[in-house]
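*Asks:* I have a structure here, written as structure tokens, and I will follow up with some questions on it.
What follows draws every value from the coordinates through simple rules; no lab data is involved. What you are looking at is a predicted structure, and each value in this text was computed from that prediction instead of being measured. Please note: Cβ atoms are built from the backbone with ideal geometry, for glycine as well, and neighbour counts cover all protein chains shown.
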Amino acid sequence: MNRAPRLTRRHFLLLGWFSRRRILTAAGIRFELLRNGAPLRKFVLIHGDESTARRVLLARMRDRRPGWAYLVTHEERLVRLGALRFDPNRIFSREGAERNLRELNPAASEADFELALAFLDREREKLVRALLPERGGVLIALHNNREGYSIHTEIPISDRVALNEPQRPHDFYLCTEPGDFDRLSRSPFNVVLQHRPPPPDDGSLSRLAARRNVRYVNIETLLGEEDKQRRMLAWLEDHL
Ligand SMILES: [Zn+2]
């Protein structure tokens, strides 16, 4: 069910730094796990086409800063499951997974949907267990966006908002715990808190983290803004 990962030469060169590499496959999604020390701080790149976030996270791990990082090895955004495709950041609830599968595969049969949903139901917890940090730890996701999505998409479903950089709506932190929001809102960057977001559940990892009271922060920037994303990650690591 998995496509063979197509990794660039540069990617291999970067990965060559790591001696303690592992592969995790869950819910049809293949991740490379890079480990430095204890997993109190965990990182995830879940969209394979967000190459800026991938570079920022690889550089951070190459610097031997402590924590575990899961980097999806697919280069495409969507993951293939038999004849179907899904967004890997929409499967953290059955409700979200079903909506996403139907949206992306309008020609598929009911039998196909049932098989795919049953598979994701069996696999979901394995993925969640791997990604969630130890108690008190924090899960940090890195994403990149393009035109059409910004902090203004998230504001209507957020509990609190700090618009510290209104001229840069594509770059923001999205966190799930009020204490983290308090600290991040003192940064020079935009922040939203989604502690108890309203339904519907879109199946994203932030929703799952909020539901389970896990500290989660997404660092979202416009694709290509590598220096900006690196500075946002550094600020977060210095202050959380
Ligand atoms: Zn993303």
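*Asks:* In whole Å, what are the Cα extents of the chain along the three principal axes, biggest one first?
*Replies:* That works out to 50, 43, 35 Å along the principal axes.
*Asks:* Counting pairs of alpha carbon atoms under 8 Å apart in space and at least six apart in sequence, what relative contact order in percent does the chain give?
*Replies:* In percent, rounded to a whole number, it is 21.
*Asks:* So what is Rg over Rh here for segment 33-95, counting just Cα atoms and using Kirkwood for Rh?
*Replies:* 1.05
*Asks:* At 0.36 nm per residue, and after removing the present C-alpha to C-alpha distance, how many nm does the segment from Ala59 to Glu75 gain when stretched out fully?
*Replies:* 4.0 nm
*Asks:* Where q = 0.30 Å⁻¹, what log10 of I(q)/I(0) comes from the Debye formula for segment 137-182, counting one point per Cα?
*Replies:* -1.36
*Asks:* I've got another one for you. Stretch Arg35-Glu147 to full length: gain in nm at 0.36 nm per residue minus the Cα-Cα span?
*Replies:* 37.0 nm
*Asks:* In addition: Based on Cβ point charges of +1 for Lys and Arg and -1 for Asp and Glu, what charge dipole magnitude is obtained for the chain about its Cα centre, in debye rounded to the nearest 20?
*Replies:* Once rounded to the nearest 20, the dipole reads 1140 debye.
*Asks:* Going toward the positive end of the dipole of segment 91-240, with +1 on Lys and Arg Cβ and -1 on Asp and Glu Cβ, which of Pro133, Asn105, Met232 do you reach last?
*Replies:* So the residue we want is Pro133.
*Asks:* In the chain, what % of DSSP beta bridges are antiparallel (nearest 5)?
*Replies:* Within the chain, antiparallel bridges account for around 50 percent of the total.
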